[in-house]
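Structure, as structure tokens:
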Amino acid sequence: MDLIFLKLGGAAITDKTRPETPRPHVIRRAAQEIRAAREAKGFRLLLGHGSGSFGHPVAQKYRVHEGIAADGDWTGFVETQAAAARLNRLVTDTMLEMGVPVFPIQASASARCQDGELIHLEVSPIREALAQGLVPLVYGDVAFDEKRGSAIVSTEALFSYLAPILEPSWILLAGDVEGIFSANPKSQPGASILPRLAPKDLSKIESALKKAEVSDVTGGMAEKVRRMARLVEKQPGLRVRFFSALVPGLIQQVLTDPEASIGTLLAAG
């Protein structure tokens, strides 16, 4: 069976303007749509979610993403991990309640970074969960870093590390906007969705991706697109679709038919 990676964006499942404010109705609807799609079409699923208003404000406050010296104050490191885990517990409980057999994976338990880049993650529990028909659930988390002391590992970083190992056919990123736009849609309402991008097109839209309206210690949309573009360059058969998690029915529709012309497709060629 095909393997799909799906991320529920932190800005979709939480209100990023208010600390630790989830959107339970979005999480519940996403769970319902994931269950329905799995029942309608057999595929294996690796699910991920962002930290939204849980992990990002704490990490920003303590600058965990910039590193912590060995003899520094590690309070922010553990508080960021705890905040991310609180959101993951909520997502996990909702998924299980709605019939999605998620198996949460705490990246910080095994992740190692080198100057901000993920260089190790224990993959065997994820493989085993998939083999048993479960849905591994990863999420943005902290990690120890061999150079900086501390780092933040985004869901996209986890996907990028796991994709060459697990070889998904699709990566689906469901966020709070409908796709990749020609300009920032929040500041320029007339901006249009780009239906398709190739890695070579990235330089043309860099300016539209640079600024996020709320703090994001993982680099916001610009870093998400750059990371996915690098991944597609390395794995030309992999395709990435950006779309909205806030439009009812879209998660189910895209999971059932990733080829559907929804949002933005990032692919080689």
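Structure above, values below:
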quantity	calculated
Amide proton proximity set for Leu197, modelled H, under 5 Å, gap of 5+	Leu265, Leu266, Ala267
Cross-link reach list, aspartates and glutamates versus Lys16, counting only Cα pairs under 15 Å and skipping chain neighbours closer than eight places	Asp176, Glu213, Asp216
Option label - Cα Rg over 2.2 N^0.38 Å computed here, alternatives [x] 0.94; [y] 1.02; [z] 1.06	[x]
Cut-off under 5 Å, modelled amide H: who pairs with Val102 long-range	Leu96, Val135
Which of Thr256, Ser110, Thr75, positive extreme of dipole for the chain (C-beta unit charges)	Thr256
Length-normalised contact order for the chain - Cα pairs under 8 Å, 6+ apart - percent	23
Cα-centre dipole for segment 81-165 with unit charges at Cβ (Lys and Arg positive, Asp and Glu negative), debye to 20	80
Span-like helix ranges in the chain, DSSP H, alpha carbon extent 20 angstrom or more, Kyte mean at least -0.5	75-97
Nearby lysines by direct alpha-carbon distance to Lys204 (threshold 21 angstrom, same-chain neighbours under 8 apart not counted)	Lys186, Lys224, Lys234
Longest exposed-site-free window of the chain, the sites being trypsin sites (Lys or Arg not before Pro) in a DSSP loop that have at most 15 other C-beta atoms within 10 Å	64-146
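Values quoted throughout were computed directly from the atomic coordinates according to the rules given, and no laboratory measurement underlies them. Remember, it's a predicted structure, so these values are computed and weren't measured experimentally. Here the Cβ is made from the backbone with ideal geometry for all residues, glycine too, and neighbour counts use every protein chain on show.
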